[in-house]
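Okay, so here's the structure we're looking at.
The values are calculated or read from the model by the stated rules, or taken from the named source; none is laboratory data. Note that the coordinates shown come from a computational prediction; the quantities given were computed from them, not determined experimentally. For neighbour counting, all protein chains shown are included, and Cβ atoms are generated from backbone atoms with ideal geometry for every residue, glycine included. Accessible surface is based on the protein model in full, side chains and every heavy atom, while ligands, DNA and RNA are left aside. Shrake-Rupley method; radii C 1.70, N 1.55, O 1.52, S 1.80 Å.
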Amino acid sequence: MTIASVIVDVPAKQTDRPFDYLIPNHLTGIITPGIRVVVPFGPRKVQGFVTALKTESDFEKLKELIEPMDLTPILNQELLQLGEWLTKETLCYKISAYQVMLPAALKAKYEKKLKLSDEVSVEKLSDEIQAAFENRLIISWEEAVKLGCLSLLQKEVVNGSIEIIYEVKERVKKKKLKHVFSPLTKDQLAMEKEQLPVQAAKQKAVIDFFLQEEAPIELRKLLSEMGVASSTIKGLVQKGILSQKEMEVYRDPYEERRFTSTEPLPLTEDQQKVITPILASIEEKRNRNFLLYGVTGSGKTEIYLQSIQLVLQKGKEAIVLVPEISLTPQMVKRFKGRFGDQVAVLHSGLSAGEKYDEWRKIQRKEVKVVVGARSAIFAPFENLGIIIIDEEHETSYKQEDSPRYHARDVAIERASTHHCPVVLGSATPSLESFARAQKGVYSLLSMPNRMNNQALPGVEIIDMREELREGNRSMFSRVLLEKIEDRLKKKEQIVLFLNKRGHSSFVMCRDCGFVVNCPNCDISLTYHRANQQMKCHYCGHEAQVPNNCPECNSEHIRYFGTGTQKVEEELAKILPEAKVIRMDVDTTSRKGSHEKLLDQFQEGHADILLGTQMIAKGLDFPNITLVGVLSADTMLHLPDFRSSEKTFQLLTQVSGRAGRHEKEGEVVIQTYTPQHYSIELAGEQDYDKFYEREMMVRKIHKYPPFYYISLITVSHEELLKTVSVTEKITAYIGSRLSKEAICLGPVASPIPRINNRYRYQCLIKYKREPDLGLALKKMLDYYQKETASGGLQISVDVNPYILM
DNA sequence: AGCACGCCGACT
DNA sequence: GTCGGCGTGCTC
């Protein structure tokens, strides 16, 4: 085994295959599949993943690999194979598949430098070059570019006076801190203590500490714990009694936090019924996929916790996926509370270094449970006993850029190799999953009752058109206002939910209806209050708000759309006595602010919690008795076949926030389309009826779960080119599919232009097309040249969640 | 993705 | 004649 097959870190069609390298003698045995290596690739050096070892290669002139970047494989055999599965499933590059499974900190960083050759005499070089190097031997490529003498330098490279050095570096360093320990034995220490002068009390105290504690301790901790100055330690170090060394520590985002430990709760009858088959499947080491359908407040989390408990007893590991976990600190509390430091947490709120450290705890088998967002599904456990996906219907489990994977699919794939169960939990399962449960692909487990049998909150739907007709032009209906005032009087808490998506504040002329659009993208600009500017969310273009309408010159040009800030202002006007906490992107961007705001609300420092999507989930406070949805229909009119489903799910989730404890809850939903079935049925909290209704719509329109869909998006600077390529692709793919498949296109994308590039798409609906993957690959191959040069972009999304 | 190689236009 | 534009093809 002297040759290594390596997937290099070059995400391109032509390099999406293994390259072979000779393993230098001194590295034989060290280089194994799954470790990262630095390899020469053309004139430069790149990172690569060793995928296999072999004794022969078809290629004759093999180069030697340069060095390993790991001592032990960073991807185990299972993950290497999972990478191949991902590549096939999502049509992504192998390198992208491997990188997505690892924390971003492990992605290589490349540096390019210029170095004066050893034998060159500096005096002979031109003044400009001498000036560029200013008595140094090495300058960075960026510096050279800034100086603008590239052509001169290029010449020197050709004649050998200057070398180009390529370096591959790690992105994040392991965090190291000064630690103190004693190199002496206890007897020696005791003797040293005797010899210290009487007045060296502090030093003696420190020695006492080390007489008890042998392990090295962080210098900082020692100082604060003993209440001594750093000079005290320094003195001991100088005498040779203590030593210092740099030692690796984990960045622990929850370091300062204490989690009150909890015991398993007695289960309700419902819970007992659903947990039995899950536990059985763990016992039997049998792969089964469960859909745990339990209404809000039915106690799904306790099911997760007790299932994991059995997994841990069996010496196995568990993955728990939670949507954007930083948004539910309560969830972290529950897992850390039950399983303590056996839990690692992975979510987007952590820094790259923190994520890396949590990941290494998993890799080193220091933890048994990971709670995390989407990418935690790749946690490098080797002995999985269960995978749990909470809020299974959440769209954030689908990654929107390459590799466009769905965590649910990955979970099912991994669980089948580990022979363990998958539990998909939701109060409002996705139609896909519920349909699979109906067909028996998943085992359905239902919990139709809330714990303690509280009633689901009563829901009242308010027709805002009616309000308008009767002269109420405010954003609060009279009913809602009345109820708010009532709760304020009773000192109970209120959650107001604003679904801002759909139309956030845009700038519009009141006289002629002109809306300010982005000049590069066919989409309206969003008004940002912080800097009084309009910004495009797709290309970042910024512009001043005009004083007069560019169309009709009217002065009545204003921003529209009710943002949370606007609601807050209006609340302050009509209910000045109410204390409001606002939660949106602006108020929660700072680390930990999310949790702080929620804690404040929980402790009763405010009457009203006003927020966007982020408050729809996980809130579980006893004093909330009223939930108001200010406008239910904003997302209903998005060009997306799932918009009804999303609306229903969101409204149900929000409603579930009310009355989870002794006090009864009430929900008010304001809408302009009260007759829409997703709003009506959310009001009745009737998932089953909604499911039936929506399935009919999906069947008629040939959408999932009746059909699979794949989306091809083509973009190019020229409209004609974009259309003609999409046309050809549609025709080609259509010709290669069976008669049952439907190939729609070319149609303009819902956002027809982004960053001055036109966008057209082809939507494929199909039931069974085993050759579709091949056809798509051939198509991508055919356009390879044009896409490589950057003029043309073609993206393929198998099972897209966003059709834009 | 980079980078080298190569083949045509506008210049000292 | 040469400098440099970016099209084409290769990287073990």
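Please give the solvent-accessible surface of A:Ile802 in Å², to the nearest 10, using a probe radius of 1.4 Å with every protein chain present.
A:Ile802 exposes around 70 Å² with every protein chain in place.
Report, in deg cm²/dmol and to the nearest 500, the calculated mean residue ellipticity at 222 nm for chain A, where each DSSP H run with n ≥ 4 adds -39500 (n - 2.57) and the sum is divided by the residue count.
Using -39500 (n - 2.57) per qualifying helix, the result is -10000 deg cm²/dmol.
Considering just Cα atoms, how many Å³ per residue does the convex hull of segment A:75-196 enclose? Each step should come with its number before you reach the end.
Working: hull volume 34.4 nm³, N = 122.
For segment A:75-196, the hull spanned by Cα atoms encloses 282 Å³ per residue.
With every protein chain kept in place and ligands, DNA and RNA left out, what is the accessible area per residue of chain A? Probe 1.4 Å, answer in Å². Spell out each step's value before the answer.
Numbers: 38540 Å² over 804 residues.
Solvent-accessible surface per residue comes out at 48 Å².
7 Å from Cα along Cα→Cβ at both A:Tyr110 and A:Asn548: what's the point-to-point distance in nm?
Each label point is offset 7 Å from its Cα along the Cβ direction, giving 5.3 nm.
Taking chain A as a whole, which cysteines find no other cysteine Cβ under 4.7 angstrom from their Cβ?
By the Cβ distance rule, which asks for a partner under 4.7 Å, the isolated cysteines are A:Cys92, A:Cys149, A:Cys420, A:Cys539, A:Cys743, A:Cys762.
Give me the number: length gained by fully extending A:Ser593 to A:Asn472, i.e. 0.36 nm times residue separation minus the C-alpha to C-alpha distance, one decimal in nm.
Taking 0.36 nm per residue and subtracting the Cα distance, the gain is 40.0 nm.
Quantify, in whole percent, the carbon and sulfur part of the accessible surface of segment A:176-248 (1.4 Å probe; protein heavy atoms only). Walk me through the intermediate numbers first.
Details: 2290 of 4520 Å².
Reported share for carbon and sulfur atoms: 51 percent.
For an R0 of 45 angstrom, estimate the FRET efficiency from the Cβ-Cβ distance between A:Phe641 and A:Gln14 and round to the nearest 0.05.
0.80
Past 23 Å, Cα to Cα, is the threshold; run A:Lys109/A:Lys175; A:Lys107/A:Lys316; A:Lys398/A:Lys765; A:Lys596/A:Lys646; A:Lys45/A:Lys176; A:Lys174/A:Lys333 against it and keep the listed order.
A:Lys107/A:Lys316; A:Lys596/A:Lys646; A:Lys45/A:Lys176; A:Lys174/A:Lys333
At a temperature of 10 °C and a viscosity of 1.306 mPa s, determine how fast segment A:61-141 diffuses translationally according to Stokes-Einstein, using the Kirkwood radius over alpha-carbon pairs as Rh; express D in µm²/s, rounded to the nearest whole number.
93 µm²/s
Between A:Glu60 and A:Arg220, what FRET efficiency follows from the Cβ-Cβ distance if R0 is 51 Å, with the result rounded to 0.05?
On the way: r = 57 Å, r/R0 = 1.12.
Once the sixth-power term is evaluated, E becomes 0.35.
At 1.4 Å probe size, put A:Met101, A:Met226 in order of accessible surface, largest to smallest. Intermediate results must be reported in sequence, preceding the final value.
On the way: A:Met101 5, A:Met226 50 Å².
Solvent-accessible surface, decreasing: A:Met226, A:Met101.
What is the calculated FRET efficiency for A:Lys566 to A:Glu492, with r their C-beta to C-beta distance and R₀ = 22 Å, to the nearest 0.05?
For A:Lys566 and A:Glu492, the calculated efficiency is 0.30.
Given C-alpha coordinates of segment A:269-447, what is the ratio Rg to Rh with the Kirkwood estimate of Rh?
Checking Rg against Rh, the ratio lands at 0.93.
Bin width 10 Å, origin at 0, all Cα-Cα pairs of segment A:3-106: what percent of pairs per bin?
Taking all Cα pairs of segment A:3-106, the binned fractions are 16, 52, 30, 3 percent.
Roll a 1.4 angstrom probe over the protein heavy atoms and tell me the percent of accessible area of segment A:708-798 that is carbon or sulfur.
53 percent
State the extension gain, in nm to one decimal, for the chain segment bounded by A:Val237 and A:Ala578, taking 0.36 nm per residue of separation less the distance between their alpha-carbons.
On the way: separation 341, 0.36 × 341 = 122.76 nm, distance 5.99 nm.
Stretched out fully, the A:Val237 to A:Ala578 stretch lengthens by 116.8 nm.
What's the extension gain from A:Gln195 to A:Ala352 if we count 0.36 nm per residue and subtract their Cα-Cα distance?
Here the segment from A:Gln195 to A:Ala352 would lengthen by 51.7 nm.
Once both labels are modelled 7 Å past Cα along the beta-carbon direction, what's the A:Tyr732-A:Val145 spacing in nm?
The modelled label-to-label distance comes out at 3.3 nm.
Among the GluC sites (Glu not before Pro) within segment A:187-279, which fall in a DSSP loop and have no more than 13 other Cβ atoms within 10 Å of their own Cβ?
Passing both the DSSP loop test and the Cβ count: A:Glu213, A:Glu214, A:Glu255, A:Glu256.
Quick one: pull the percentage of alpha-carbon pairs in segment A:176-248 with a separation above 18 Å. Display every interim value, and only then the final one.
Values: 771 of 2628 pairs.
That fraction is 29 percent.
Expressed as a whole percentage, what fraction of the accessible surface of segment A:543-680 belongs to carbon and sulfur atoms when a 1.4 Å probe is rolled over the protein heavy atoms?
Here carbon and sulfur together make up 49 percent of the probe-accessible area.
Going by average Cβ density within 10 Å per residue, which order do the peptides A:72-81, A:166-175, A:346-355 take, highest to lowest?
Top to bottom by mean Cβ count within 10 Å: A:346-355, A:72-81, A:166-175.
Quick one: grab Rg to one decimal and Dmax as a whole number for chain A, Cα atoms only, in Å.
Looking at chain A, its Cα Rg and Dmax stand at 30.9, 96 Å.
Along the principal axes of its C-alpha atoms, what lengths does segment A:552-690 span, in descending order and rounded to whole Å?
Projected onto the principal axes, the Cα atoms of segment A:552-690 cover 52, 41, 31 Å.
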